[in-house]
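Since the structure comes first, as structure tokens, the remarks are kept for the end.
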Amino acid sequence: MPAIPSDRLRGSDAADNGAGETSSEFAGVPDAFQRLWTPHRMVYIQDGQQPHPDDCPFCIAPTLGDEKALIVARGTHAYVLLNLFPYNSGHLLVCPYRHVATYDQATPEEIAEIGELTQIAMRVLTQVSNCDGFNIGMNQGRIAGAGIAEHLHQHLVPRWALDSNFFPIIAGTKAIPRLLGDVRREIADGWPGAVTPAAATAAQ
């Protein structure tokens, strides 16, 4: 086996065991980032990172079943669903049914129900996940970072005191420990007035 040139070895450990190549001879320009391939996000990348108005996910979601759309609660003017790409487990979005882009375009009824659903969601998340706090906010317009800029939605992200780590910073990756379907079911079952499968069976 031919000797590996010294300029291709990394550190003393690599030199000791004769393993480890640098990326300097690989194709492309090396950088400090790892890649997490997510082709399912193409719907958010195509057409200038915004879906076509006919394909608005927040307009389509209420026409689907709750499990398929990840909806946890439906109100009269607004509804609550899980973020398909959550920052944390239980990351919720509160959306009006109407296709309006910004908060100032919402009606008083929509604003009131968005606020009410947000309060209920906070109580439910605290009960089912024992979270210690929340990030709540809206990105208004593409320039402000709204992923779906044409349909108003409020983020509600639960936070835990002991959940801080450097993984998102160093690895550019967020670890989500629970499946979306399981989280949706737990929050929906904990929503006031919800009829859980166990309760429905007991009532029969």
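Details
- Among the numbered conditions (1) more than 18 Å from Leu180 (Cα to Cα); (2) without any contact (Cβ under 8 Å) to a residue 60 or more places away in the chain; (3) not in a helix (DSSP H, G or I), the only one that Ile114 does not meet is (3).
- Entry remark, the stretch 125-150: residues being under 18 Å from Leu84 (Cβ atoms), touching a Pro at 6+ places or on another chain (Cβ under 8 Å) and part of a loop (DSSP other than H, G, I, E, B) number 2 in total.
- Test: Leu125 is more than 19 Å from His99 (Cα to Cα), aliphatic (A, V, I, L, M) and surrounded by 14 or more Cβ atoms within 10 Å (Cβ to Cβ): yes
Bear in mind that the values in this text are calculations on the coordinates, not laboratory data. Predicted, not measured: the structure shown is a model, and the values here were computed from it. Note that we place each Cβ from the backbone using ideal geometry, even for glycine, and neighbour counts take in every protein chain shown.
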